[in-house]
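Please treat every number below as a calculation from the coordinates, not as lab data. Quick caveat: nothing in here was measured; it's all calculated off a predicted structure. Please note: Cβ atoms are built from the backbone with ideal geometry, for glycine as well, and neighbour counts cover all protein chains shown.
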Amino acid sequence: MNNNIGVYICHCGGNISDYVDVEKVKQAIATEEGVTLAKTTIFACADSNQKEMVEDIRQQHLNGVVVASCSPKLHQITFRAVTERAGLNKYNYVHANIREQVSWAHSDNKPGATEKAIHIVKAAIAKVRYAKSLDPIIIQSQKAVAIIGAGIAGMKAAIQLANMGCPVYLIEREYFVGGRVAQWDSLSTSSETGKQIITRLYQELIKHNTITLFTGAEISSYSGSIGDFHLKVNIKPRYINQQCNEGGLQKAIDVCPVILPDEFNFNITNRKAIYHNFPSEYPQLPVVDMVHCNRCGECLKICGAIDLDQKDELLDIHVGSILMATGFDPYTPIDGEFGYNQINNVITLPQFQRLINLNEKKLIFNEKEIRHIAYIYCVGSRQPEGENKYCSRYCCTTTIHIANVTRRKFKEINNYHFTRGVRTYGKQETLYRESLANGDVFLQSYEDDLPVVTSEDGKTIVKINDILTMKKSMEIEADLVVLVTGMVPRAENSIGALFKLPKGRDKFFNEIHMKLRPVETVIDGITISGACQGPKNVTEAINSALSAATKSFSYVSKGELELEPIIARIEKDACTWCGACANVCPYDAIRIENDGQKEYAVINNAVCKGCGMCLPVCPTDAIDLTAYSNSEIESMIDALAQD
Amino acid sequence: MAEGTRKHAKILVFSTEKISDPAIDMAGLLKLHYPPKVLTISIPCSSGIKPRWILHAFRKGFDGVFIAADGSDCPYGESCTEKTGKLVNTTHDLMKENNIEPARLRMAAICSVCSESFVKQMKSFNEYLLLHSNN
């Protein structure tokens, strides 16, 4: 038993110590059997504290270490590395979670939180007394990564992984790659247009033999875990053969009688059931929308490349890591929100972006030339009452950029910005200065006195009590009202549900820690990138994609992974071989052995996964699990049960 | 009654490292409060809990034991649900033999994002245990 134990209790800069009396915890555990060192620390994970721990372990010859801090998902690996640097086997370290499961969970009850923290730390000390030095188990890791979503984040991650020599399966639900960025023309973050960026990335993507792109594809099921994920991918057909005659195909599109709102243009234009997205779509092959096709057969008479009998394909792929890049949806205002869907010249920012892209020379909407544009900010973001309390971050900058572009592209445009405070952070401030120099008018209100959009005698009026001019009441007659809508998580999120990916308060996918482990999820082997994790502009999405690609690569690059050496152990003397353990083992890791004197069970260490299913079925209690022995668990229970 | 002075039942939770632990962590992250005498021991899989550990907890003074089971999400396979159910049944029988009310052991599947479900379970179990306690 370890009898020279060091215990470190973390303030977490107030995250813990604001609710837990850490000094009281230290005093309560300092006299526990085997504890020879007890300290509190402002940040246990800080470099300075890690160095101090290394010195303590070396100088005081500690043989067991406990850190009471955040979730082990975040820092267990950090402190295990500390013990290793000090020359102590990392399995002599035990982590106590007094943040997520104590200070945050019981921030409403400080005495209760402190008592609970004492119990949790005592239980960790009880466990570390029995800790032993162990060697990790090595498993094979499939050297391939599946990327879900071929928007800019997914494409960039795929190229990054391919450049590192890693095979990639890029799986896109839509029929065309590029995601949202393909829909934007001028970007505030780049001198290239969205279309040019996607074209460049696609050309780069197809040069890599190690990237396999699936479009119209969705994952229907998965099994396995880090290093060994098996995915079933359902691929919908395009209903058009590769060898198609572009001229004939255009005629087929022309004769198609089905007319639908075009989602690519956010429904401000229409498309046919056979459709392109735009001339430089990728892959450059149209699609038949079979959900809406009425199978009239007119197109078949004109174009031989169309084949309405193509079937779905189901593929099995095997990867070591999964990278999520599923993007976002633009917020859709509810009917009547600032006149949306009730006043016919009220549109959203994404619709406006497509509108200025589709118009040349004159800006026309509803057959009327547009001169006076009112932009209402923070629609669907920073909601005091609604669900979206967060700032979508990109929209102030994008709106001001688009307003500047609109002025450059069209004549005699007047921009009126109804803001709640402009957040053009960093270098994006230059766009704000440009718009001010252009003569754009900025008005501002608080969340409890928002602008009002009304229709009066055929005119659309926007009224505001402007806080920049002592709440002076102002009104603008607008030809077009643009609702600056933020980002929301994908409405269709079956893939997140399939992988059981945790979501944060804002309902986007949640990383383990926004600064320390920003692209990892609690599901080992699955990383997240881009706007599926939260609102991001193009630059930020790319940065997170590169980070996620690097992290995913680290899971597969060596071809093997270290796993916890947690396996079942049989006590031969106690075993009477009844076979119950072998019957319940899902991995066939238990076999019978006979030494000439008795039959008994033997564990195949290479196959045992350490689930422990064999433990409760043994009638003689002859099986224990490494690090979860009767002694360890029952001593933890004893510690937790103390009054 | 102020939260600090309210009486709480002592509940031992067996949670699983990959599935229910993240849900319990997320409950804290989201500041979803539950009784502070809910104390957790993490294990790899809910089907690996020994009945003797549960009986030990009751003997040591826990009012209730809750198994935050992996359910169908178990990384060790689909049989986890059935096997966890069996160990609960076995333990219920042992509890009866030891004159411990079987209702003091509860099990529910808590997936990795089931924070609200976990909190709801803890609150209702706490209420049940307080209502049926001899104190």
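Amide H contacts of A:Leu563 (H built 1.01 Å from N, in plane; Pro and chain starts excluded): A:Ile137, A:Ile138, A:Ile139 sit under 5 Å, all sequence-distant by 5 or more or on other chains. Of all DSSP bridge pairs formed entirely within the protein assembly as shown, close to 45 percent run antiparallel. Which shape class applies to region A:1-149: rounded if a/c is under 1.5, otherwise prolate when a/b exceeds b/c and oblate if not, where a ≥ b ≥ c are the square roots of the Cα gyration tensor eigenvalues? Cα axes put region A:1-149 in the oblate bin.
Determine the shape class of region A:384-451: with a ≥ b ≥ c the square roots of the Cα gyration tensor eigenvalues, call it rounded for a/c under 1.5, and otherwise prolate if a/b is greater than b/c, oblate otherwise. Since a/c reaches 1.5 and a/b is larger than b/c, the shape of region A:384-451 is classed as prolate.
I need A:Lys301, A:Lys361 ordered by Cβ neighbour count within 10 Å, fewest first. Please report the intermediate quantities before stating the final value.
On the way: A:Lys301 12, A:Lys361 8.
Ascending number of Cβ neighbours within 10 Å: A:Lys361, A:Lys301.
Compute the relative contact order of region A:455-600 as a whole-number percentage, counting only Cα pairs closer than 8 Å that sit 6 or more residues apart in sequence.
Numbers: 128 pairs, mean separation 16.0, N = 146.
Contact order relative to length: 11 percent.
Protection proxy ranking, highest mean first, for peptides A:550-561, A:252-263: A:550-561, A:252-263, where packing is the per-residue count of other beta-carbon atoms within 10 Å, averaged. Sorting B:Leu29, A:Leu231 from the fewest to the most surrounding beta carbons within 10 angstrom yields B:Leu29, A:Leu231.
Scalar couplings 3J(HN,Hα) for region B:84-93, obtained by applying the Karplus form with A = 6.51, B = -1.76, C = 1.60 to θ = phi - 60°, are 5, x, 5, 5, 5, 4, 4, 5, 4, 4 Hz; x denotes Gly and Pro.
Taken over region A:5-134, lysine pairs spaced eight or more positions apart, or on distinct chains, with alpha carbons under 18 Å apart number 16.
Across peptide A:495-507, the mean count of Cβ atoms from other chains lying within 10 Å of each residue's own Cβ comes to 3.
Based only on Cα atoms, what Rg/Rh ratio does region A:68-130 have, Rh being taken as Kirkwood's radius?
On the way: Rg = 12.8 Å, Rh = 12.3 Å.
On the Cα set of region A:68-130, Rg over Rh gives 1.04.
Taking amide H positions as modeled 1.01 Å from N, with prolines and chain starts lacking one, the residues under 5 Å from A:Ala96 and 5 or more places away or on another chain are A:Val67, A:Ala68, A:Ser69.
Over all pairs of distinct alpha carbons, what does the Kirkwood formula give as the hydrodynamic radius of region A:508-590, in Å?
On the way: mean 1/r = 0.0617 Å⁻¹.
Result for region A:508-590, one decimal place: 16.2 Å.
A Stokes-Einstein calculation at 10 °C with viscosity 1.306 mPa s, built on the Kirkwood radius of region A:113-259 over Cα pairs, returns a diffusion coefficient of 80 µm²/s. A compact globular protein would have a Cα radius of gyration near 2.2 N^0.38 Å; the ratio found for chain A is 1.19. Computed on the Cα atoms alone, the convex hull of region A:239-347 gives a volume of 171 cubic angstrom per residue.
Pairs of Cα atoms under 8 Å, at least six residues apart: use those to get the relative contact order of region A:151-254, whole percent.
Numbers: 124 pairs, mean separation 27.3, N = 104.
With pairs under 8 Å counted, the relative contact order is 26 percent.
Peptide A:606-619 has a mean shielding of 6, counted as Cβ atoms of other protein chains within 10 Å of each residue's Cβ. Treat region A:311-360 as a sphere of radius equal to its Kirkwood radius over Cα pairs and apply Stokes-Einstein at 37 °C in a medium of 0.692 mPa s; give the translational diffusion coefficient in µm²/s, rounded to a whole number. It diffuses with D of about 216 µm²/s by this estimate.
The residue among A:Ala437, A:Asn415, A:Tyr390 whose Cα reaches farthest toward the positive pole of the charge dipole of region A:364-446, with charges on the beta-carbon of Lys, Arg, Asp and Glu, is A:Ala437. Across peptide A:577-586, the average count of Cβ atoms from other chains found within 10 Å of a residue's Cβ is 1. Panel order for A:Met487, A:Met155, A:Met636, A:Met514, by other beta carbons found within 10 Å of each beta carbon, from fewest to most: A:Met514, A:Met487, A:Met636, A:Met155.
The H on the amide N of A:Ala38, modeled in the peptide plane, is under 5 Å from the matching H of A:Val7, each at least 5 residues off or on a different chain.
Counting every C-alpha pair in chain B, the share spaced more than 27 angstrom apart comes to 16%. Of A:Lys251/A:Lys409; A:Lys551/A:Lys609; A:Lys507/B:Lys50, which ones are farther than 26 Å apart at the Cα? Those over the limit are A:Lys251/A:Lys409; A:Lys507/B:Lys50.
Output the direction-averaged projected area (hull surface divided by four) of the convex hull of the alpha-carbon atoms of region A:567-626, in nm².
About 3.5 nm², averaged over all directions.
Shown in residue order for region A:165-174 are the 3J(HN,Hα) couplings computed by the Karplus curve 6.51 cos²θ - 1.76 cosθ + 1.60 at θ = phi - 60°: x, 9, x, 10, 10, 9, 10, 10, 5, 7 Hz (x for Gly and Pro). The alpha carbon gyration tensor of region A:330-488 gives principal lengths a ≥ b ≥ c with a/c below 1.5, which makes the shape rounded.
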